[in-house]
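No value in this document is a laboratory result; all are computed from the given coordinates. Please read all numbers here as calculations on a predicted model, not as lab measurements. Don't worry about glycine lacking a Cβ; one is built from the backbone with ideal geometry, like all the others, and counts go over all protein chains shown.
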């Protein structure tokens, strides 16, 4: 069973890592990108790619390693930064959905608050992970 899990991790780890590298290449301008419909700065797009690369590397390296612990801390930091940016700087028109019985302005504020709370949780978990990594 363990061999099957490892094979699956490797099969998924490479494509996830490759996808992340492609997104980073887009953010760096190494691949063509139509910037007219971007809803975030390129550093956020690059950070999103980095999250995929980190996740892919974690899949490839296996479980319960010091490397994976550090990668988890970096992944949580990236997710926290992305969520924080969305919560603070995301354009109102980019938020959709919400609760149908609430006005749109309330739904946007609710979305910003939830992104902010999620970002804060990720950053607190990252701080704890870094603390444990360097103890």
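Before moving on, here are some points about what is shown:
- Among the residues of the stretch 36-61, the one identified as touching a helix residue (DSSP H, G or I) at 6+ places or on another chain (Cβ under 8 Å), part of a helix (DSSP H, G or I) and without any contact (Cβ under 8 Å) to a residue 12 or more places away in the chain is 61.
- Which numbered condition residue 69 fails, given (1) under 30 Å from residue 88 (Cβ atoms); (2) free of Cβ contacts under 8 Å to residues at least 60 places away in the same chain; (3) in contact with a helix residue (DSSP H, G or I) (Cβ under 6 Å, 6 or more places away or on another chain): (2)
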